[in-house]
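A.B. asks: Below you will find the structure I want to go over with you.
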Amino acid sequence: MNSLLKLLSTAIALLSILSFSFLHPTHFLGWKALMSSQQVADLVVRNGVIYTGDDSLPFAESMAVANGRVFRVGNNSYVQELASYGTEVLDLGGKVVVPGFIDSHVHFIPGGLQMMQVDLTGVNKKDEFIRRIKDAAQSRPCAYANFVVLMDRKCTKRGSWILGGGWNNDLWGGDLPTASWIDDFTPYNPVWLSRTDGHMGLANSVALMLCGVTNLTADPSEGTIKRTPDGEPTGLLIESAMSLVMSQIPEDSVDNRREALLRASNLALERGVTTVVDMGRYYSGTSANLSWEDFTDVYQWADSMSKMKVRVCLFFPMETWSRLVHVINKMGYALSEWMYIGGVKAFADGSLGSNSALFYEPYVDDPNNYGQQLIESEALFNMALESDLSGLQIAIHAIGDKANDLILDTYGSVASTNGPRDRRFRIEHAQHLAMGAPHRFGKQWVIASMQPDHLLNDADTARKKLGKDRADNGSYLFRSLLENNALVAFGSDWPVADINPLSGIKTAMRRQPPTWENAWIPSECISLDDAIKAYTISAARASFLDNDLGSLSPGKLADFVILTTHSWEEFAESASASIAATYISGVRAYP
């Protein structure tokens with residue numbers, strides 16, 4: 001009987017391996033080692049509640065790991081026979097185990113860099129916003145001589161700039177910050193503070209002067225310079241206008257960006273995240289080269305020096321699609337067990353908080369504004385057509401209902417023109433949808449890459465900006481998308497929101513903003529099972545990684561998380577748990 005079970009386990013692993021090549025032109029790494037004659041596990045995890053994410057065996061008591069991959073799952077006695085001298089045995093004491101979480105949308109290096117800058121995340125008072133900038137200015141004084149250099153627009157000293165991000169004006173009542181808030185105590189330091197969504201930023205008067213932004217400066221295409229009634233810049237720059245300042249900020253050093261990767265990775269592991277889908281330092285108004293610089297200077301370096309701590313799937317600006325095709329032709333999609341090529345990304349619109357998300361109807365608080373379309377439709381279609389024809393996966397940022405329909409139309413036209421194949425088109429965010437859009441997601445097999453924790457702040461904001469009816473009928477439609485057979489993948493958009501899957505899972509289940517007594521659109525709440533799948537197997541499928549990651553199935557990489565809870569039923573009821581430990585390839589990575 002035991003021999004038959006061993007044979008069955010081997011056959012399942014082999015079938016999983018053979019099927020991989022039909023899904024995507026990546027390589028199933030390490031399979032030769034897995035399928036060797038070894039019949040002894042390196043690690044046996046036993047006596048737990050193991051949620052596998054595999055519908056063929058949803059739960060198990062025990063799991064064996066060999067050569068960094070899941071070797072066997074089942075009851076304790078079935079797995080224990082693989083233990084021998086030298087096998088590490090981990091007794092879970094009844095704790096719950098889930099597959100390693102996959103964050104489907106992060107800006108990993110920017111998040112790590114922001115950890116080294118002025119953190120304005122969660123600030124809910126104007127006075128606190130001002131205090132943090134004042135403290136930063138006092139901690140890095142700039143000599144008068146440096147100010148003269150600034151007047152000549154030749155300042156290159158990194159320390160003279162005060163950088164920060166994460167502010168959200170909705171948290172302190174909605175008033176937008178202006179340069180006048182911080183000018184008095186930053187007379188010699190240029191300041192740049194990005195809003196939490198990355199679609200708006202605040203510059204002080206020194207920074208505006210350094211960059212030549214005056215009352216005579218015209219708004220750039222698809223961007224806005226906020227002005228006083230007299231026409232003077234307030235310091236706020238939206239969308240492509242941000243590049244007027246950001247292009248003048250001295251580049252982060254390679255050492256800083258490598259340190260940012262380390263900090264970001266440690267935070268991810270602490271939160272149970274074993275894989276991230278990195279959209280890079282590519283925001284509206286930034287250079288398309290930044291993501292490529294991080295690829296060569298940071299990721300390839302870290303991979304070659306064995307310094308990677310979490311797995312990354314990388315997306316690059318769509319305008320550089322031909323460069324990415326060259327890399328894939330030369331190196332493949334799976335560069336190692338740590339680094340994968342995802343595809344290309346573009347922007348259709350801006351953000352709700354910056355009033356630049358594109359809607360069919362105008363903003364209630366800005367009646368002449370429908371948002372901004374950040375790329376002309378024909379140009380977007382042509383780039384998407386060429387990218388798709390080259391076999392690349394495409395992800396496009398869309399938040400407003402009109403922007404989402406625009407991308408669904410574009411995807412439909414591209415698929416019709418280029419013919420059928422397994423594309424896995426993605427829409428990043430998909431926050432506000434018009435009637436019928438969830439059905440189109442399912443019918444067109446378009447992935448909704450969404451961030452549950454965004455709704456915690458957006459509930460009040462959406463009602464204010466869109467009106468209650470529009471906000472409550474089309475926002476964060478998790479259940480509607482799932483019921484229309486759309487694939488939903490969850491992430492954080494970190495550093496826009498915290499990289500914290502357990503928080504995202506709870507939000508998707510409860511949909512309860514901090515100051516609310518009840519759920520926002522309770523009909524769109526989803527189950528624990530659906531929420532975890534959106535962070536694991538569905539997230540893996542959304543990036544063509546599902547034969548390597550996403551579930552604790554034989555043959556897959558042994559990435560898993562041990563939770564503090566001892567009961568799946570209590571977890572499903574309370575939607576609360578903490579991370580006890582994070583394992584990658586069967587090796588403990590946290591704590």
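The values are calculated or read from the model by the stated rules, or taken from the named source; none is laboratory data. Fair warning: this is a prediction, and the values are worked out from it, not measured in the lab. Here Cβ is always computed from backbone atoms with ideal geometry, including for glycine, and neighbour counts include all displayed protein chains. Only protein heavy atoms, including side chains, enter the accessible area calculation; ligands, DNA and RNA are left aside. Shrake-Rupley method; radii C 1.70, N 1.55, O 1.52, S 1.80 Å.
A.B. asks: If contacts are Cα pairs under 8 angstrom and at least 6 residues apart, what is the relative contact order of segment 173-312 in percent?
C.D. replies: Values: 175 pairs, mean separation 27.0, N = 140.
19 percent.
A.B. asks: For the chain, build the charge dipole from Cβ charges (+1 Lys, Arg; -1 Asp, Glu) around the Cα centre, then report which of Ile50, Leu477, Ala575 sits farthest towards its positive end.
C.D. replies: With unit charges placed on the Cβ atoms, the residue in question is Ile50.
A.B. asks: For segment 478-591, state the average projected area of the convex hull of the C-alpha atoms over all orientations, rounded to one decimal in nm².
C.D. replies: Its Cα hull, projected and averaged over all orientations, spans 8.4 nm².
A.B. asks: Take every DSSP beta bridge whose two residues both sit in the chain, then give the antiparallel share in percent to the nearest 5.
C.D. replies: 45 percent
A.B. asks: As I understand it, the dipole of the chain uses +1 on the Cβ of Lys and Arg and -1 on the Cβ of Asp and Glu, about the Cα centre. Which of Pro522, Thr186, Phe560 lies farthest toward its positive end?
C.D. replies: Toward the positive end, the furthest listed residue is Phe560.
A.B. asks: Right, something else. Relative to the compact globular guide of 2.2 N^0.38 Å, what is the alpha carbon radius of gyration of the chain, as a ratio? Could you put the intermediate results ahead of the total?
C.D. replies: On the way: Rg = 24.5 Å, N = 591, 2.2 N^0.38 = 24.9 Å.
The value comes to 0.98.
A.B. asks: Calculate the dipole size of segment 420-552 relative to its Cα centre from +1 charges on Lys and Arg beta carbons and -1 charges on Asp and Glu beta carbons; express the result in debye to the nearest 20.
C.D. replies: Computed charge dipole of segment 420-552: roughly 420 debye.
A.B. asks: Nearest 5 is fine: what % of DSSP beta bridges in segment 218-330 come out antiparallel, could you say?
C.D. replies: Bridges in segment 218-330 that DSSP calls antiparallel: roughly 50 percent.
A.B. asks: Over the Cα atoms of segment 240-354, what radius of gyration and what Dmax do you get, in Å?
C.D. replies: Rg then Dmax for segment 240-354, in Å: 14.8, 41.
A.B. asks: Could you work out Rg/(2.2 N^0.38 Å) for segment 202-247, with Rg from alpha carbons only?
C.D. replies: In units of the 2.2 N^0.38 Å rule of thumb, it is 0.98.
A.B. asks: Taking a quarter of the surface of the Cα convex hull of segment 390-430, what do you get in nm²?
C.D. replies: 2.7 nm²
A.B. asks: Can you check what the net charge comes to around Lys556, using other residues whose Cβ is under 11 Å from the Cβ of Lys556 (Lys, Arg +1; Asp, Glu -1)?
C.D. replies: -3
A.B. asks: Let me ask you something else. How many Å³ per residue does the convex hull of the Cα positions in segment 168-316 occupy?
C.D. replies: 140 Å³
A.B. asks: Separate question: In units of 2.2 N^0.38 Å, what is the alpha-carbon radius of gyration of segment 372-479?
C.D. replies: Details: Rg = 14.4 Å, N = 108, 2.2 N^0.38 = 13.0 Å.
Here the answer is 1.11, to two decimals.
A.B. asks: Hey, got the dipole for the chain? About the Cα centre, +1 on K and R Cβ, -1 on D and E Cβ, debye to the nearest 20?
C.D. replies: 1080 debye
A.B. asks: Stokes-Einstein diffusion coefficient for segment 316-383 at 10 °C in a medium of 1.306 mPa s, Rh from the Kirkwood formula over Cα pairs: what value in µm²/s?
C.D. replies: On the way: Rh = 14.5 Å.
D, rounded to a whole number, is 110 µm²/s.
A.B. asks: Considering the alpha-carbon set of segment 247-307 alone, what are its Rg and its Dmax in angstrom?
C.D. replies: 12.4, 37
A.B. asks: Within the chain, which whole H helices from DSSP have a Cα span along their axis of at least 27 Å and a mean Kyte-Doolittle hydropathy of -1.0 or more, if any?
C.D. replies: Span-like helices in the chain: 2-20.
A.B. asks: Mind checking the dipole of segment 323-381: about its Cα centre, +1 per Lys or Arg Cβ, -1 per Asp or Glu Cβ, Debye to the nearest 20?
C.D. replies: Computed charge dipole of segment 323-381: roughly 500 debye.
A.B. asks: Next question. If you roll a 1.4 angstrom probe over the protein chains with everything in place, what fraction of the accessible area of the chain belongs to carbon and sulfur, to the nearest %?
C.D. replies: 52 percent
A.B. asks: Could you give the accessible area per residue of the chain, probe 1.4 Å, as a whole number in Å²?
C.D. replies: 39 Å²
A.B. asks: Right, something else. Taking the dipole about the Cα centre of segment 86-136, with the C-beta of Lys and Arg at +1 and of Asp and Glu at -1, give me whichever of Leu120, Gly86, Pro99 is farthest to the positive side.
C.D. replies: Among Leu120, Gly86, Pro99, the one farthest towards the positive end of the dipole of segment 86-136 is Leu120.
A.B. asks: Right, another one. Scanning the chain for GluC sites (Glu not before Pro) in DSSP loops with at most 14 other Cβ atoms within 10 Å, what's the longest stretch left with none?
C.D. replies: 1-250
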